[in-house]
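**Q** So that we are looking at the same thing, I have put the structure below in structure tokens.
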Amino acid sequence: MQGRALLIGNWKMNKTVEGSASYARALIRALEGWWDTKRVGVVLAPTALAISAVGRTLSSTEIDVAGQNLELGTEGALTGGISGYLLYEAGARWVIVGHSERRQHFAEGDTLVAEKVGAAWQAGLHPIVCIGETETEREQGATQRVVSQQLERILAKPPQGPLTIAYEPVWAIGSGRVPEPEEVGKIADRIRQALRAQWPEAENDVAVLYGGSVNHQNLGGFLDQAEVSGALIGGASLIVEEMVAMVRAAQEHRGTR
Ligand code: PEP
């Protein structure tokens, strides 16, 4: 599924509220006059505290805002929790679900991740669900099995909205190491096969991205893969010049097909 390339920047626990808004202003200025929104989509996921400020800054642009996580339900006794409804009210239209850092540090398992995908749809958000194997699982040759297992619960129920799946090998996140693009292409093909089998009617509403140490130099190799529709980017998305270079690389890439 080629078409428009989608670049999602995950800022994790970085940038102040003012720093986030000033990045957004700088990005708008840098993209003005040449960014073709039909060829490249851009979504930014700042900290929850900065969503309102970034959303307001970007309100007259086609850059969307995402949350990095959500809790189940709408309101209630969950100290520190932020629901999908609150994210939506703050200006987010997307939300990252099941990032490997949440699976690892907050013990989020496949059942909860699938429930959070449902909660995101309920709140009117577009979930970006992360899946991917650890280094040990890769060494054991278990990548396909792990990815299929992580997808199973999500695809078990009919979809209630659009979904984006980010294939992010855990060992590639923040490490500067990346898999061969062809390897990513094969996994994306398998994800597409699972979607065809489980959600034949909604298959076209699901995009598959790659994530893990993406930058403007290696992005093109991943975008070359037929089933890879973009990237989820951590570290490189924190630097506005690098984000701009990735938009340019993606736009040139999509312009040549
Ligand atoms: C991520 O955290 O989703 C990610 C892909 O990070 P990085 O690009 O820094 O590897």
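**Q** On the first, second and third principal axes, largest extent first, how far apart are the outermost C-alpha atoms of the chain in Å?
**A** If we take the Cα atoms of the chain, the spans are 50, 44, 35 Å.
**Q** Can you give the charge dipole size of region 51-187 about its Cα centre, rounded to the nearest 20 debye, using +1 on the beta carbon of Lys and Arg and -1 on the beta carbon of Asp and Glu? Could you put the intermediate results ahead of the total?
**A** Details: 11 positive and 18 negative charges, 49 e Å.
Here the size comes out at about 240 debye.
**Q** Rounded to a whole number, what is D in µm²/s for region 20-130 from Stokes-Einstein with the Kirkwood radius over alpha-carbon pairs (37 °C, 0.692 mPa s)? Each step should come with its number before you reach the end.
**A** Numbers: Rh = 14.6 Å.
My calculation gives 225 µm²/s for D.
**Q** Report, by chain and number, residues whose modeled amide H sits under 5 Å from the one on residue 108, excluding near sequence neighbours (fewer than 5 apart, same chain).
**A** Under 5 Å from the amide H of residue 108 lie the amide H atoms of 103, each far enough along the sequence or on another chain.
**Q** For the peptides 223-234, 77-88, what is the packing order when you average, over each peptide's residues, the other Cβ atoms within 10 Å and list the highest mean first? If you can, show how the numbers build up before the last one.
**A** Details: 223-234: 22.5, 77-88: 15.2.
Those peptides, ordered most packed to least, come out 223-234, 77-88.
**Q** Would you mind computing the Rg to Rh ratio of region 67-201 from its alpha-carbon coordinates, Kirkwood style for Rh?
**A** Details: Rg = 15.2 Å, Rh = 15.5 Å.
Rounded to two decimals, Rg over Rh is 0.98.
**Q** With a cut-off of 8 Å between alpha carbons and a minimum separation of six or more residues, what is the relative contact order of the chain in percent?
**A** Working: 491 pairs, mean separation 55.5, N = 257.
With pairs under 8 Å counted, the relative contact order is 22 percent.
**Q** Follow-up question, since we're still on this one. Given the rule -39500 (n - 2.57) for each run of at least 4 DSSP H residues, summed and divided by the residues of the chain, what is its mean residue ellipticity at 222 nm, to the nearest 500 deg cm²/dmol?
**A** On the way: 10 runs with 107 residues, N = 257.
Taking each H run of at least 4 residues, the total per residue is -12500 deg cm²/dmol.
**Q** For region 69-120 and region 11-43, what is the separation of their C-alpha centers, rounded to whole Å?
**A** 23 Å
**Q** Here is a further query. Kindly provide the Kirkwood hydrodynamic radius of region 147-207 in Å, to one decimal, from all pairs of distinct alpha carbon atoms.
**A** Working: mean 1/r = 0.0791 Å⁻¹.
Final number for the Kirkwood radius of region 147-207 is 12.6 Å.
**Q** Sticking with this one: Using a Förster distance of 51 Å, how high is the FRET efficiency between residue 75 and residue 34, based on the Cβ-Cβ distance and rounded to 0.05?
**A** Efficiency for this residue pair is about 0.75.
**Q** Now for a different question. Report ³J(HN,Hα) in whole Hz for each residue of region 190-207, in order, from the Karplus equation J = 6.51 cos²θ - 1.76 cosθ + 1.60 where θ = phi - 60°; Gly and Pro get x.
**A** Working through the residues one at a time gives 5, 4, 4, 4, 4, 5, 4, 6, 8, 10, x, 6, 10, 3, 6, 8, 10, 9 Hz.
**Q** As a footprinting exposure proxy, order 222, 106 by other Cβ within 10 Å, with the fewest listed first.
**A** Working: 222 26, 106 10.
By the 10 Å Cβ count, ascending: 106, 222.
**Q** Label 7 Å along Cα→Cβ of residue 197; region 145-165 residues with amide nitrogen under 16 Å?
**A** 145-157, by backbone N distance to the label point.
No value in this document is a laboratory result; all are computed from the given coordinates. The model shown is predicted, which means the values in this text are computed figures rather than measured ones. In this analysis, Cβ positions are derived from the backbone assuming ideal geometry, glycine residues included, and neighbour counts consider all displayed protein chains.
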